[in-house]
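Just below is one structure, and these are the notes that go with it.
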Amino acid sequence: MYSVVAYQVASAINIKTSKQELPWQLLFQDSDELYYKCSDQKFIYIFQYGMVSFFNMTAIEIETALSRIKPVCDHYFSEQLSETVEIIIKPNTLKVQFDHVILPEIDEEMIRLVMLNTSQSVALSRFSEITEELLVETHKHTSFLEQKGKLDISGNKLKRFIGRVLNIKNKISENLYIFDSPEITWENEQLNRLNQDLKRTFDLKDRYRLIHDRIEIIKENLELFKDIMDHKESSRLEWIIIILIVIEVIDMFIVKLFS
């Protein structure tokens, strides 16, 4: 029995620098991913969005590999979210179960698909936690608005909150390809079936939609907050203008009175 272990190690990994500095045999590359063979039947998969996945590697080997990867990471995490999938090799069998995958052989492309989907599952877990926290924070502001009839957040803090939500939305859209199938699956029916079964078992599409729906709910609330704040600012400006007009009228009256 073998294992695929995926870790969220950083907020981002520099793919270009990784390619130049990491010593393993490169099997596949693009602008967002690097797939390595580090020794016989041992593979490492690195993703730009901070994920690293390992196949058939011991804890010591993983720790050694991560020490090599750490210098090319942006905001390396001390606490790393992870997920493990067991791989069973059984000739002429291809099956994806809840807690393990049965493959007919140790095929580097099949292993790559398992590592890819496991990594995306971990990334979705992290984004799910982040969006849940944002939703809870948004709910606090809406509850205060319901109870007090006003917002408990300043304009600057609201702008920063909006920026934070948009950055997370952009990261999800840029880095997760839940609805895209890798090119290797286009002309290979067996690989395509494996990829689809993995997505279905990991429930990737539904989890992605849930995160997307949370982001949309948060965005709608923030747009409402912004409209309320804009209206408040507009009302303040109107009162300032009214006060200035009143002052000018009083000034004119005083000037006429004493002239």
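What follows is calculated from the coordinates using simple rules that are stated; it is not laboratory data. Keep in mind the model is a prediction, meaning the values are calculated, not measured. Virtual Cβ from ideal backbone geometry, glycine too; neighbours counted across all protein chains shown.
Under 13 Å from a point 7 Å along the Cα-to-Cβ line of Tyr76: which residues of the stretch 11-41 have their amide N that close?
Answer for this model: 11-14.
Compute the helix-to-body angle for 59-69: its Cα long axis versus the longest principal axis of the chain, expressed 0 to 90° and rounded to tens.
On a 0 to 90 degree scale, this one is about 50.
Between Ser82, Ser53, Ser143, which gets the highest mean-square fluctuation from a Gaussian network model of the chain, Cα cutoff 10 Å?
Residue with maximal mean-square fluctuation among Ser82, Ser53, Ser143: Ser143.
Let me know the charge dipole size of the chain about its Cα centre in debye, to the nearest 20, where only the beta-carbon of Lys, Arg (+1) and Asp, Glu (-1) is charged.
About 660 debye.
Of Asp213, Asp30, Asp74, which has the largest mean-square fluctuation in a 10 Å C-alpha GNM of the chain?
For the chain, modelled as a Gaussian network with Cα springs under 10 Å, the answer is Asp30.
Give me the net charge of Arg160's neighbourhood, meaning all other residues with Cβ under 14 Å from the Cβ of Arg160; Lys, Arg count +1, Asp, Glu -1.
Numbers: positive: Lys157, Lys159, Arg164, Lys226; negative: Glu137.
Cβ neighbours under 14 Å give a net charge of +3.
Under 24 Å Cα to Cα from Lys226, which lysines show up? Leave out anything in the same chain fewer than 8 places away.
Output for Lys226: Lys140, Lys148, Lys150, Lys157, Lys159, Lys169, Lys171.
Let me check against my output: what whole-number percent is the relative contact order of the chain, with C-alpha pairs under 8 Å and at least 6 apart?
18
Could you let me know the centre-to-centre spacing of the stretch 150-168 and the stretch 197-231, using Cα atoms, in angstrom?
16
Positive end of the charge dipole of the chain (Lys, Arg +1 and Asp, Glu -1 on Cβ, about the Cα centre): tell me which of Ile62, Asn170, Met252 has its Cα farthest that way.
About the Cα centre, the residue reaching furthest to the positive side is Met252.
Helix 155-175 versus the longest principal axis of the chain: what is the Cα-based angle in degrees, 0 to 90, to the nearest 10?
So the helix axis and the longest Cα principal axis differ by about 20 degrees.
Quick check: the angle from helix 108-148's long axis to the longest principal axis of the chain, C-alpha only, nearest 10 degrees?
Computed tilt is about 20 degrees.
If the cut-off is 20 Å between C-alpha atoms, which lysines fall inside it for Lys70, apart from same-chain ones fewer than 8 positions away?
Output for Lys70: Lys16, Lys19, Lys37, Lys42.
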